[in-house]
Amino acid sequence: MNEITLAIRRLMQARGFTFVCLLTLALGIGGTTAVFTLVQQVLLAQLPVPRPAELFRLGDDDQCCVNSGVQSAWSLFSYDLYRSLRDTLPQFTELAAFQAHPNPISVRRVAGDPAEAFAGQFVSGNYFQMFGIAAAIGRPMVPSDDRAGAAPVAVVSYPAWQHRFGGDPHLVGQTVAINAVASVIVGVAPAGFYGEMLRPDPPDFWIPLSSEPLLEPQSRLIAASGSHWLYLIGRLRPGASAAEAQNQAAVTVRQWLTASADVAPDDRKRIPQVTVRLSSAAAGVANMRNVIAPALLLLFATAGATLLIACGNLANLLLARGLGRRVEFAVRTALGASRARLVRGTLIESLLLSLGGAAAGLLVSYAGAHAMVAMAFRGATYVPIEPSPSLAVLGFAFAVALLTGTLFGIAPALIGSKADPIDAMRGSGRVAGDPGSFVRRALVAVQVALSLSLVTTAGLLARNLDNLERQDFGFRTDGRYVAGIDLALGGAPAERLAAAYKRLPEAVGALPGVRRVAFSLYSPMNGDNWAGRIAVEGHAAAEVLESSWNRVSPHYFETIGTPLLRGRAIDERDTASSTRVAVVNEAFARAFFVNGDAIGRHFGFADLNGAGRPDYEIIGIVGDAKYQDPREPAYRTFFLPFLQREPTPSTKPPAPLPRSHYAHAIELHVTRPGQNFEPELRRALATVDPGITLERVISLDEQVALNFNGERLIATLTVAFGGMALLLACVGLYGVTTYAVSRRTREIGVRMAIGATRARVLATVLRGALIQVAIGFAIGVPLTIVAARLVAQQLYGVSAHDTRTLAAAAIVLSVSAALAAFIPARRAALMDPQQALRME
């Protein structure tokens, strides 16, 4: 305890040194701990349910949201296939099914009040039973709630109950209108439970699968045996074999496919190769984890490299301080202090600095983790991630502090304690040699190498983000807004839907500042994509032809700014009684027609055998626009008029067609960008039809930007860490150069006394500093090439071997290093020779 008190006193006497050390460590440990907080929360945390290790998922792939084909490795299941698996897999005590992605739903608590938008998820009745969780209030859903003909019920999430319903304890037992269907709230899920998947904006309501035909009459997916839309998670029975369950599941799926009438002839050949991979569901469905893991691991490596640079600075500072205390060590040695005691005292100081830096770093990590979550999930209203330091994070910070203090404090302590008492007592200026010189210079070279790698990587990722955001998407974003809507019309007749669509443009277009109005099945870059098999005039039925498609209103292309290249666009002439028409993009025309000559040609939806009637005449070709993956070329796409319905099919129609007549987006071109249109738009939609619920209004520019949350997080943080690394490397170089000048004071005085010019002294000092930079570059260039290859898969429009980025990083680092070394070099050049020669 006496040694600790003495160490604290010595650190308090050197306040400047202590402050610089604490700041350096706070930045290094704080940045690393902030990233580790997200790693722990996103990649390592398990579901907050009892015995999560018993949970296994059937499948391991993200197949969201509805799949009608044969999957090589089965991950998405129809309701009928789920029941077959539930009844034939004895290895599970419970096997639950749930919708792959929540749907927007409208909820009206009191008749006459406007409906509010929520996220709802259909789940099997044993969903909560399988997870083994009870309700916070009321009761959870039970299997009897999921029987055919059961009264509609729902369980509300704890965050929705707290924030949207004010924590009202009387909510349980009340009847609310969900998609215009009366449903009883039977319980509130426990706090902390967010469902089976970590994701932004998890479900607000869990609803039995049996209610799906009532709440989504346009879909009726539960009755479509060929539509796969459910994920499955089961709790493995104690002593049961996961491998045996996997094999039995694959056999059941193959048998079900063989007996199904909803499998195309070409797909039947693939049935023997179909597999089901059983994967651990201790952390739930890992879709978001799998997507964000590479980014977090890259950030963790970047933060770790920055921490190494900070530790190098700490080692240099401790080494310089130890050598500067040689006289003190010599006196203490002469008075009987052992070398072990000197090393112990210096090591205690190092550990105290590291622990203090870790404590300050926790404050940095708290703010940094919150900022990272806000950046990574920009646009989300709720994210079930707690960025505050947990016990695991505190333990990580403590371990890093101990490791840092020990590793980077022991060497300076040993070197500093080697001082010869006789030489030390003669004066530092007369001591020959510098035992720590090589170590300090090597540390600076390593810092420069790591900094070059980080700055170059930051430059590549920043250019990647810029290329993604500035590319030509094929539509305009200036003055464009998108309103998400939910048509909860409860199975209303087609006439009511058509009437609403006819009134909508007039009502919304009358709002002040609205220039154009359109609506569509889905809007550009909102993450949705509808695709299916088609039959094209001039192509044999045996050809497997597929295309994305959308359903749009008149003036849609003018509203979003996609150019019409040939023919005409969809307009008011395209009614229920007119010829069925379609507009295609350039990619569609090039893929299916020679020389892209598509005007006047015909195509239609195809059945499982590839046969179909050419129901649609192509009347126009528009430019390619990206609706889905910004890194890929625009998908071939055709557009159908909203006011036209399909002819009575001679064969079974594609399952998505009935659902496609419900618009989910309104596009606005306005003359007053930045205005809050939501209140006025909500009132206008209420006059069109009370069954239309407004979810949110967002600028099209922001909707596009939300696609790059991950890239923006990586680019911003790597630039921040790169800048921090650059600063620390320059500080390290400055410190080493300053110390070298102080050690050579007498030598410089002698040189100037015998005729050395100030310019020569300046050049000599700068040369020594820049040699360290050059050595760092020699180490850093191969390291940079390796780092660039690791991020190559994330780059768009820029090569991992981009020499301009590497050259720019090298120039920035060289100029910064030269400025850092120039200050002590200039001080040496301005030195008075007489004063230098009198110094001891």
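As an exercise, identify the GluC sites (Glu not before Pro) in the range 1-98 lying in DSSP coil whose Cβ has no more than 10 other Cβ atoms within 10 Å.
Answer by residue number: there is no such site.
Would you mind telling me the share, in percent, of accessible area of the chain contributed by carbon and sulfur at probe 1.4 angstrom?
Values: 20930 of 35310 Å².
Answer for the chain is 59 percent, counting heavy atoms of protein chains only.
Which FRET efficiency, nearest 0.05, do Ala531 and Tyr382 yield, Cβ-Cβ r, R0 25 Å? Mind showing how you got there, number by number?
On the way: r = 30 Å, r/R0 = 1.22.
That pair, Ala531 with Tyr382, gives E of 0.25.
Determine the per residue accessible area of the chain with all protein chains present and a 1.4 angstrom probe, expressed in square angstrom.
The answer is 42 Å² per residue.
Read phi for every residue in the range 180-190 and hand back ³J(HN,Hα) as whole Hz from Karplus 6.51 cos²θ - 1.76 cosθ + 1.60, θ = phi - 60°, with x for Gly and Pro.
3J(HN,Hα) across the range 180-190, in whole Hz: 6, 10, 5, 9, 9, 7, 9, x, 10, 5, x.
Which value in deg cm²/dmol, rounded to the nearest 500, describes the helix-derived mean residue ellipticity at 222 nm for the chain, given -39,500 (n - 2.57) per DSSP H run of n ≥ 4 and division by the residue count?
After summing the helix terms and dividing by residue count, I get -15500 deg cm²/dmol.
Using a/c under 1.5 as the rounded threshold, could you call the range 1-52 rounded, prolate or oblate? The axes a ≥ b ≥ c are square roots of the C-alpha gyration tensor eigenvalues, and prolate needs a/b larger than b/c, oblate otherwise.
Oblate, since a/c reaches 1.5 and b/c is not below a/b.
Check every DSSP H run in the chain and write down those whose alpha carbon atoms cover 18 angstrom or more along the long axis and whose mean Kyte-Doolittle hydropathy is 1.6 or greater.
Working: long enough: 15-38 (34 Å, 1.53); 242-259 (26 Å, -0.07); 287-324 (55 Å, 1.29); 339-376 (51 Å, 1.08); 391-416 (36 Å, 2.11); 437-470 (49 Å, 0.69); 494-509 (23 Å, -0.15); 709-743 (50 Å, 1.03); 758-790 (47 Å, 1.45); 803-829 (37 Å, 1.23).
Result, helices passing both filters: 391-416.
If the chain between Gln255 and Gln471 were fully stretched, how many nm would it gain, using 0.36 nm times the residue separation less the Cα-Cα distance?
Gain on extension, Gln255 to Gln471, equals 73.0 nm.
Where both residues lie in the chain, what percent of DSSP beta bridges are antiparallel, nearest 5? All intermediate terms of the calculation are to be shown ahead of the outcome.
On the way: 65 of 84 bridges.
Rounded to the nearest five, the antiparallel share is 75 percent.
Cα gyration tensor of the range 116-208, axes a ≥ b ≥ c as square roots of the eigenvalues: rounded (a/c below 1.5), prolate (a/b > b/c) or oblate?
rounded
Counting only other residues whose beta carbon sits under 12 Å from that of Leu221, what net charge do I get with K and R as +1, D and E as -1?
So the environment of Leu221 carries a net charge of -1.
Which of the trypsin sites (Lys or Arg not before Pro) found in the range 65-127 are loop residues per DSSP with 16 or fewer other Cβ atoms within 10 Å of their Cβ?
Listed in order of number, the matching sites are Arg109.
Non-local amide H neighbours of Val622 (under 5 Å, H modeled in plane, Pro and chain starts lacking H): which ones?
Leu565, Val584, Asn585, Glu586
For an R0 of 41 angstrom, estimate the FRET efficiency from the Cβ-Cβ distance between Ala510 and Leu565 and round to the nearest 0.05. Kindly include the intermediate steps, with their values, before the conclusion.
Values: r = 32 Å, r/R0 = 0.77.
Here the calculated transfer efficiency is 0.85.
Would you please classify the overall shape of the range 162-221 from the alpha carbon gyration tensor, given that a ≥ b ≥ c denote the square roots of the eigenvalues, rounded means a/c under 1.5, and beyond that prolate means a/b larger than b/c while oblate covers the rest? Each step should come with its number before you reach the end.
On the way: a/c = 2.25, a/b = 1.24, b/c = 1.82.
Taking the square roots of the gyration eigenvalues as a ≥ b ≥ c, the range 162-221 is oblate.
At q = 0.05, 0.08, 0.09 Å⁻¹, what log₁₀ I(q)/I(0) does a Debye calculation on the Cα points of the chain give, no solvent, two decimals?
Debye intensities relative to I(0), on a log10 scale: -0.39, -0.84, -0.98.
Label-point separation (nm) for Arg767 and Ala542, each offset 7 Å from Cα along Cα-to-Cβ?
Reported label-point gap for Arg767 and Ala542 is 8.0 nm.
The values are calculated or read from the model by the stated rules, or taken from the named source; none is laboratory data. Just so you know, these numbers come straight off a predicted model, no measurement behind them. So basically every Cβ, Gly included, is an ideal-geometry build from the backbone, and we count neighbours across all protein chains shown. With ligands, DNA and RNA removed, areas are computed over all heavy atoms of the protein, side chains included. Shrake-Rupley method; radii C 1.70, N 1.55, O 1.52, S 1.80 Å.
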